[in-house]
1. What residues from region 52-69 fall in the zone where the backbone N is under 19 Å from a label point 7 Å along the Cα-to-C-beta line of Asn20?
2. Restricting things to alpha carbons, find the Rg to Rh ratio for the chain using the Kirkwood radius for Rh.
3. Charges only on Cβ, +1 for Lys and Arg, -1 for Asp and Glu: so what's the dipole of region 72-116 about the Cα centre, in debye to the nearest 20?
4. Restricting attention to region 23-116, which chymotrypsin sites (Phe, Trp or Tyr not before Pro) occupy a DSSP loop and are surrounded by at most 15 other Cβ atoms within 10 Å?
5. Work out, step by step, the length gained on full extension between Phe95 and Arg28: first 0.36 nm times the residue separation, then minus their alpha carbon distance; give nm to one decimal.
6. Arg36 versus Thr53, label points 7 Å from Cα toward the beta carbon: distance in nm?
7. Can you list which of the trypsin sites (Lys or Arg not before Pro) found in region 1-86 are DSSP loop residues with at most 10 other C-beta atoms within 10 Å?
8. How large is the accessible surface of Ile74 in square angstrom, using a 1.4 angstrom probe and rounding to the nearest 10?
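The values are calculated or read from the model by the stated rules, or taken from the named source; none is laboratory data. Because the structure is a prediction, the values reported are computed rather than measured. Positions of Cβ are backbone-derived with ideal geometry, glycine not excepted, and every protein chain shown enters the neighbour counts. Ligands, DNA and RNA are stripped out before the accessible areas are found, and what is left, the full protein with its side chains, is counted by its heavy atoms. Shrake-Rupley method; radii C 1.70, N 1.55, O 1.52, S 1.80 Å.
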Amino acid sequence: MLKVNGVEITAPKSYQPSLNDIDGETNRNANGELIRDRIGTKRKLEMEWGPLTQNEISTLLNAVKSEFFECEFIDPLDGIITKTMYVGDRTAPTFYFDKDTQEILWKSLKMNFIEK
């Protein structure tokens with residue numbers, strides 16, 4: 001289950017959620033103990049789709065073209081949640097181009113959703 005702005009999108013073939021601590025100032029004191037200022041925890045979704053037709057890949061990329069978007073997803077800590085996210089780099093190597101039909105198939109699409 002994966003929704004962007006309330007619309008369910010194609011399920012990825014690979015889905016790896018992570019919880020990432022965000023630290024302010026982190027240092028060690030004279031005893032070598034860590035002094036940590038954790039200011040928050042953010043989610044990141046590493047995903048891969050494919051193979052995809054031109055229409056399928058375009059639909060996925062258009063769903064996340066805004067600077068920020070609402071994403072509903074399955075989280076290992078809290079279950080189904082909604083977070084404001086942005087998309088990282090998007091990579092899509094070409095898989096096949098049929099000269100006769102002018103059809104393009106994409107081998108994969110990789111992109112990460114990162115919590116704002």
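1. Zone members listed by number: 64-69.
2. 1.14
3. Here region 72-116 has a charge dipole of around 160 debye.
4. Taking region 23-116 and a limit of 15 other Cβ atoms within 10 Å, the loop chymotrypsin sites (Phe, Trp or Tyr not before Pro) found are Phe68.
5. That pair, Phe95 and Arg28, stretches by 19.1 nm at full extension.
6. Using points 7 Å along Cα→Cβ, the separation is 4.8 nm.
7. The qualifying sites are Lys65.
8. Only protein atoms counted, so the area is about 80 Å².
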